[in-house]
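The values are calculated or read from the model by the stated rules, or taken from the named source; none is laboratory data. For clarity, every value in this text was computed on a predicted model and none was experimentally measured. Positions of Cβ are generated from backbone atoms using ideal geometry, with glycine treated the same way; all protein chains shown enter the neighbour counts. The protein model used for the area step is the full one, side chains on, heavy atoms only, and it has no ligands, DNA or RNA in it. Shrake-Rupley method; radii C 1.70, N 1.55, O 1.52, S 1.80 Å.
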Amino acid sequence: MAESQLYQGLRAYALIVGMWVRSTMAYRTSFVIMALGNLAITALDFAVIGLMFSHVDALGGFDLAEVTFLYGTSSTAFGLTDLAFGSMERVGRRVRDGTMDTLLVRPVPVLAQVAADRFALRRVGRIIQGVALLGWSLAHLDVNWTWDRVLLLPVMLLSGAAIFAALFVAGAAFQFWASDAAEVQSAFTYGGTTMLQFPPTVFTTELVRAVTFVLPLAFVNWFPALHILGRPNPIGLPDGIGFAAPLVAVACCALAGLAWGAGLRAYRSTGS
Amino acid sequence: MAANDAAFIELDAVEKVFTVRRRAGWMRRERHEVRAVDGISFQVPRGEVVGYIGPNGAGKSTTIKMLTGILVPSGGRLRVAGIDPSKERTRLARRMGVVFGQRTTLWWDLPLRDSYALVRRMYRIPDDRYRHNLERCVELLDLAELLEVPVRQLSLGQRMRGDIAAALLHDPDVLYLDEPTIGLDVISKVKVREFLREVNTEQNTTVLLTTHDLTDIEQLCQRVMVIDHGRVMYDGSLAGLHAVGESERTLVVDLERELPPIEGVPGARTVRVDGARQWLAFPAAASAAPIVAAVAAAYPLVDLSVREPDIEDVIAKMYAERSG
Ligand SMILES: Nc1ncnc2c1ncn2[C@@H]1O[C@H](COP(=O)(O)OP(=O)(O)OP(=O)(O)O)[C@@H](O)[C@H]1O
Ligand SMILES: [Mg+2]
């Protein structure tokens with residue numbers, strides 16, 4: 001009888017996304033142009049790294065295939081989340097102008113509604129780029145593909161996406177109190193992906209520690225990737241730490257869920 | 001279910017306090033409490049239509065936001081159909097319809113028809129109910145021409161009718177209307193009121209509505225609640241409100257020529273003279289007919305009209321009495 005919030009949320013999400021996709025597809029040319037533009041921007045983004053490698057052979061001890069592997073995994077995980085939750089940065093505006101009211105009176109979870117709001121299929125551009133780079137790197141990596149490494153690859157992408165998702169949700173929840181803090185959230189999410197595209201060895205150990213113990217971005221791809229690439233952990237954690245990624249992801253999502261609930265309860269609407 | 005019917009909506013000492021920061025001098029800010037709802041208690045039986053009125057800032061919208069689960073009360077107890085709105089918001093949402101006059105609940109970029117289709121799937125409205133309800137709304141609210149128009153292109157009055165329809169497609173048990181006739185022209189107002197009355201009688205829908213238009217209350221509500229400063233000032237019938245507020249109606253008469261103030265009409269007094277036009281005030285509860293007859297018998301009457309008391313005046317007067 002009582003369906004789980006999760007099922008209700010997914011169902012509502014699918015309904016609203018379906019509606020937005022249908023209505024953007026009504027303007028097909030504009031969609032194609034936007035999607036191509038998106039793809040071009042993300043391609044340019046990688047070109048910087050390509051350029052770097054025309055001058056050096058390694059970055060922080062990682063060769064082109066390895067850096068591309070990091071770039072591809074970070075980009076794919078982030079791309080998945082950005083596609084599914086990218087609209088959440090609009091929460092602050094809804095809090096400020098009080099239009100959150102209208103989402104709260106509907107019989108479906110608010111989280112599903114804000115995530116699906118103005119769903120933009122053009123954001124698949126980044127996933128396409130990420131998967132393409134990942135594919136290229138897999139073909140050029142010199143890795144002994146034991147079963148644990150094979151298994152860790154999809155696990156890494158999914159937990160990475162989940163950690164990013166938790167960050168999006170927590171960032172959106174924060175906007176219930178600080179409704180103009182959308183930039184803080186994108187600093188962590190966009191900033192985070194950019195950082196994860198480079199090997200951890202190019203950063204200070206303090207930073208690596210911070211993104212391990214404070215904001216566990218290192219579990220998105222660094223730690224699992226280090227295991228796959230057979231590299232030592234830069235802050236001396238055991239090699240198997242990469243397998244903790246799903247646990248870290250679950251913990252992050254649970255915390256983000258709590259933050260979101262608290263945010264909703266703190267919502268105060270507007271005077272008119 | 002039946003146990004809930006006598007107190008379908010139930011508020012017990014409900015409060016909502018907003019903490020706001022106010023500028024207090026240069027750079028300094030002061031925390032300040034606004035008691036928007038300050039201990040309100042009432043019960044509404046199932047099927048009743050209640051007018052919830054009061055001056056600007058009285059706390060009407062805030063009450064509705066707590067009833068719908070948008071805001072969490074700062075204190076007190078609140079139940080709708082036995083459900084605590086802030087705890088089980090989505091479960092209650094299935095059974096309620098909400099219209100905010102100032103704000104649409106429809107999807108800004110979608111044509112009305114698509115918005116309704118989405119509402120149908122969100123609320124899981126059975127096909128036959130949906131078709132029946134949509135047909136009825138389209139007919140009674142005159143929406144046929146508007147179905148293919150994106151919401152953002154609708155005028156305020158058109159959008160309002162679209163919103164009212166959206167709030168009723170799923171046969172809600174309770175309907176909250178926050179200024180539903182704002183921006184409607186005379187014909188639309190009549191249509192909306194007729195439609196709401198029909199919904200209430202046919203489906204026994206409980207209705208709580210706020211408005212600044214006394215006619216809405218007169219034509220729809222069995223019961224009126226007057227709120228001011230977050231408290232209930234009056235709870236009863238409209239006639240009773242007029243008695244409490246000692247409100248007066250005004251008879252405006254145009255005479256053939258300029259004459260001294262009209263005298264000798266029992267139950268009425270002349271309050272204003274402007275050329276051939278004169279204004280006579282009389283108690284709102286009294287009938288206008290004997291007064292008109294008395295004027296017509298003694299004066300050369302050309303034309304006349306009766307003005308209803310302004311609800312804001314009634315409330316203002318009543319409030320002044322209570323506090324003074
Ligand atoms: N989100 C909010 N933050 C701070 N104060 C608020 C908020 N919402 C309402 N208030 C204050 O609470 C009081 C009641 O507001 P409310 O909107 O309930 O009034 P209302 O009776 O609906 O008035 P109106 O007839 O103008 O619509 C007002 O003093 C208002 O300033
Ligand atoms: Mg209001």
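Take segment B:16-154 with all the other protein chains still there, run a 1.4 Å probe, and you get 47 Å² of accessible area per residue.
Sparsely packed loop sites in segment A:1-101 (the chymotrypsin sites (Phe, Trp or Tyr not before Pro) outside DSSP H, G, I, E and B with at most 12 other Cβ atoms within 10 Å) comprise A:Tyr27. Against the main long axis of the alpha-carbon atoms of chain B, helix B:186-203 sits at an angle near 60°. Using just the C-alpha positions of segment A:80-174 as equal point scatterers, what log10 of I(q)/I(0) does the Debye formula give at each q in 0.10, 0.20 1/Å? With one equal scatterer per Cα and no solvent, log10 I(q)/I(0) is -0.39, -1.01.
Given R0 = 51 Å, the distance between the Cβ atoms of B:Leu147 and B:Val34 translates into a calculated FRET efficiency of 0.75. Indicate the gyration tensor shape class of segment B:248-307 (rounded, prolate or oblate), computed on the Cα atoms with a ≥ b ≥ c the square roots of the eigenvalues: a/c under 1.5 is rounded; otherwise a/b larger than b/c is prolate and the rest oblate. Prolate, because a/c is 1.5 or more and a/b exceeds b/c. Based on DSSP H runs of at least 4 residues, each adding -39500 (n - 2.57), what is the mean residue ellipticity at 222 nm of chain B after dividing by all its residues, to the nearest 500 deg cm²/dmol? Here the helix-only value at 222 nm equals -10000 deg cm²/dmol.
Protein heavy-atom surface of segment B:9-242, 1.4 angstrom probe: 46% of the accessible area is carbon and sulfur, with nucleic acids and ligands not counted. Which whole-angstrom value gives the distance between the alpha carbon centres of segment B:198-240 and segment A:204-245? About 63 Å separates the Cα centre of segment B:198-240 from the one of segment A:204-245. Nearest 10 degrees is fine. How inclined is helix B:112-122 to the longest principal axis of chain B, computing both from alpha carbons? In chain B, helix B:112-122 runs at an angle near 50 degrees to the longest axis. For B:Val186 and B:Leu156, the difference between the fully extended length at 0.36 nm per residue and the C-alpha to C-alpha distance is 9.4 nm. Surface composition of segment A:178-228: carbon plus sulfur atoms contribute 69% of the solvent-accessible area (1.4 Å probe, protein chains only, all chains present). Grab the beta carbon distance between A:Asp63 and B:Arg103, set R0 = 60 Å, and tell me the FRET efficiency rounded to 0.05. My answer for the efficiency is 0.60. Model label points for A:Leu141 and A:Gln8, set 7 angstrom from Cα along the Cα-to-Cβ axis, are 4.1 nm apart.
Ranking B:Ser86, A:Ser74 from most to least accessible surface, computed with a 1.4 Å probe over the protein chains only, gives B:Ser86, A:Ser74. Model label sites at B:Arg113 and B:Thr19, defined 7 Å from Cα along the beta-carbon direction, differ in position by 5.1 nm. Angle of helix A:147-174 to the longest C-alpha principal axis of chain A, folded into 0 to 90 degrees and rounded to 10: 40°. Computed over protein heavy atoms with a 1.4 Å probe, the accessible surface of segment B:178-324 works out to 49 Å² per residue. Put the Cα centre of segment A:1-47 next to the Cα centre of segment B:251-309 and the gap is 68 Å. Chain B against chain A buries an accessible area of about 2800 Å², both chains summed, 1.4 Å probe radius. Applying the criteria of a DSSP loop state and at most 15 other Cβ atoms within 10 Å to the GluC sites (Glu not before Pro) of segment B:72-143 yields B:Glu88. Take the Cβ-Cβ distance between B:Ala296 and B:Asp274 as r, set R0 to 22 Å, and report the resulting FRET efficiency rounded to the nearest 0.05. About 0.65, to the nearest 0.05.
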